[in-house]
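To start, the structure itself, in structure tokens.
The values are calculated or read from the model by the stated rules, or taken from the named source; none is laboratory data. This is a predicted model, so every value here is computed, not measured. Remember, those area values only see protein heavy atoms, side chains included, never the ligands or the DNA or RNA. Shrake-Rupley method; radii C 1.70, N 1.55, O 1.52, S 1.80 Å.
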Amino acid sequence: MKMTKNLFTTLALGAVVALGAAAFSSTALAGDKEKHADKPAKTEPLAKVGSAAPEFTLKDTEGKEVSLDQFKGKIVVLEWYNSGCPFVVRHHKKYNTMTDTAKKFGDKVVWIAINSSAPGKEGHGLDVGSKKEWSIGYPILNDETGKVGRLYGAKTTPHMFVIDAQGILRYAGAIDNDAKDEKSVGEKVNYVAQAVEEILAGKTVSQAETKPYGCSVKYGS
Amino acid sequence: MMTFSSSSLWFCLFGAVGMVACASSAGAQSPSLPEVAPSMTRRASNTAEEAERAVQARLFVESAPVAPGSPLTLALHFEIAPGWNLYWRNSGDSGLPITVKFEAPQGVTIGEARWPTPERHILPGDLLDYAYTRRVTLLFPMSIDPAAAATSTPVTIKANAKWLVCKEACVPGERALEITLPSTIEPLSSRDAELIASARATLPRSAADQTSPIVGVAWSGRALQLSCTGADELIFFPYEGDAQPDDALQNGHVFRDRLSLSYASAETGAPVLGVLQVKRLGQTTYHLIEAPPVPKEP
């Protein structure tokens, strides 16, 4: 509880700084190119590999609330999701990377997709349709305020996070080592599968942080 | 949605002042980009059609082979519709670099791409991308072996260019291009000459360039210190690779004569390369930075 309170204090502080920056430099925050000296306020993500994963509660496509803390004792994988993003399409349609990896670990792993697209932006409001079209068997949570995405520092879709049974964030980064989709099956490394296997074997995650690739998460300004 | 102010339009149209330049590795890759977004909504298919029209790609050579064996420059030019952008060799937090695969007759050698320096694009959520808007011309050094050239005229070069073009939404694009080198000398149109000149104006100078202002490169612990006496503005564009600064968004662009970037989370020994854009005495210049590898933890 104490941690939650701290998180909110930091969030509130971050929001004040962000508002200040918005007034000072609306162009930078609106995604335009930089034109002048003022810098955007940086709200440090609170998720850190090796530390407790930030708690959250969001609603799934059926309106049911899903909280991270209800899965204590299980490994949880978070997948940042936007059905309009070609990289998400790649891993749900061209390859079934996400579904196959989730199935591989069965009930040892809880897999959750999170969509942080703001209203009016790409991928917002399309989760029911894409879940059905791509036969996604796990929940897709609505984070249209971007609050949870910012908590985790989610940059791209997909951007993956693996949390161990004790609630510690153990992996953050790309789904695999093939951003350009040019590697053969033998050359590909599925970083999420690797992290989960290592956690299950009681080992240290060998590649705990990688550079995520994909479309930008479509946060609101 | 991105919008263009009159000042950014000015920069784009008259290119040379602030934006472009550098060196690269697009040569032999053959990536396959993601599929087009699903047309689950009309919005998605409209976006795909708009994206298809958003990028015009064209190949041209700087000059016809004057003498067999003389070096040439092959240019790959992109016209980008307003609001859309392509990506530099390091796309930043999101996006994907342009890639080109060439097919040329025996004896024709095409070197690695030289990339004009991009712009910093800051997106909601503290994301930093390195992108091109309006237009960009990638330059490729090319040479033709005289012995081979004699047996294969005309020389036809094929290029398969792939990219991710974004305007809020992202859509992959691909174009097969072809050029047959003219055997007679044809001067470039003034427009093409200008495109090449604009691209060259922003390529980084090597560290050995004697005309460069003195650029200081040093490590202080795990922080890379770049300085240039008398500079009014410095921007660092890191090349792709494992060693990326932790704080490029906050500290990669300063209005003073030194900048400091933290590589605290980078792997020890990783090479650090990039382009430093320097504004000094009213002039903007571009410098290749080859820093010593990331040092050990202090």
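List the residues of the stretch B:250-272 whose accessible area drops by at least 20 Å² when all protein chains are present, compared with their chain alone, using a 1.4 Å probe and counting only protein heavy atoms. In the stretch B:250-272, residues shielded by partner chains: B:Gln250, B:His253, B:Phe255. Which log10 I(q)/I(0) values, to two decimals, does the stretch B:160-219 give at q = 0.23 Å⁻¹ under the Debye formula with one point per Cα? Ignoring solvent entirely, the Cα scatterers give -1.03. Every pair of different Cα atoms in the stretch B:215-291 enters the Kirkwood calculation, which places the hydrodynamic radius at 12.4 Å. Every Cα-Cα pair of the stretch A:45-216 was included, and the share exceeding 19 Å stands at 51 percent.
With all protein chains kept in place, the per residue accessible area of the stretch B:215-291 amounts to 41 square angstrom at a probe of 1.4 angstrom. The alpha-carbon of B:Lys296 sits under 12 angstrom from the alpha-carbons of these aspartates and glutamates, leaving out residues fewer than 8 places away in its chain: B:Glu267.
When chains B and A come together, the accessible area they lose, probed at 1.4 Å and totalled over both chains, is close to 4100 Å². In the stretch B:104-129, burial by the other protein chains removes 50 Å² or more of 1.4 Å probe accessible surface, compared with the chain on its own, from B:Ile122, B:Pro124, B:Asp126, B:Leu127.
Working note: Karplus 6.51/-1.76/1.60 with θ = phi - 60° gives the stretch A:65-80 the couplings 6, 10, 10, 4, 5, 6, 10, 3, x, 10, 6, 10, 10, 9, 10, 6 Hz, where Gly and Pro are set to x. In the stretch A:124-221, Cα pairs under 8 Å separated by at least six residues give a relative contact order of 30 percent.
Here the Karplus relation 6.51 cos²θ - 1.76 cosθ + 1.60, evaluated at θ = phi - 60°, turns the backbone of the stretch A:123-140 into coupling constants of x, 6, x, 10, 5, 4, x, 6, 4, 6, 4, 9, 6, 7, x, 10, x, 10 Hz, with x for every Gly and Pro.
Against the compact-protein benchmark of 2.2 N^0.38 Å, the Cα-based radius of gyration of the stretch A:123-162 scales to 1.25.
Compared with its chain on its own, the stretch A:122-138 contains the following residues whose accessible area drops by 40 Å² or more in the full protein assembly (probe 1.4 Å; ligands, DNA and RNA excluded): A:Glu122, A:Leu126.
What is the stretch B:123-227 by shape, rounded, prolate or oblate, if you read a ≥ b ≥ c off the alpha carbon gyration tensor as root eigenvalues and call it rounded for a/c under 1.5, prolate for a/b larger than b/c, and oblate otherwise? Here the stretch B:123-227 falls in the oblate category.
Starting from the Cα gyration tensor of the stretch A:138-221, take the square roots of the eigenvalues, sort them a ≥ b ≥ c, and report rounded, prolate or oblate (rounded when a/c is under 1.5, otherwise prolate if a/b is larger than b/c, else oblate). Oblate is the answer for the stretch A:138-221, as a/c is 1.5 or above yet b/c matches or exceeds a/b. The calculated pair-distance distribution of the stretch A:47-135 uses every alpha carbon pair, bins of 5 angstrom beginning at 0, and gives 3, 12, 21, 24, 22, 14, 5, 0 percent.
Phi-derived couplings, Karplus 6.51 cos²θ - 1.76 cosθ + 1.60 at θ = phi - 60°, listed residue by residue for the stretch B:82-93: x, x, 9, 8, 9, 10, 6, 4, 10, 6, x, 5 Hz, with x used for Gly and Pro.
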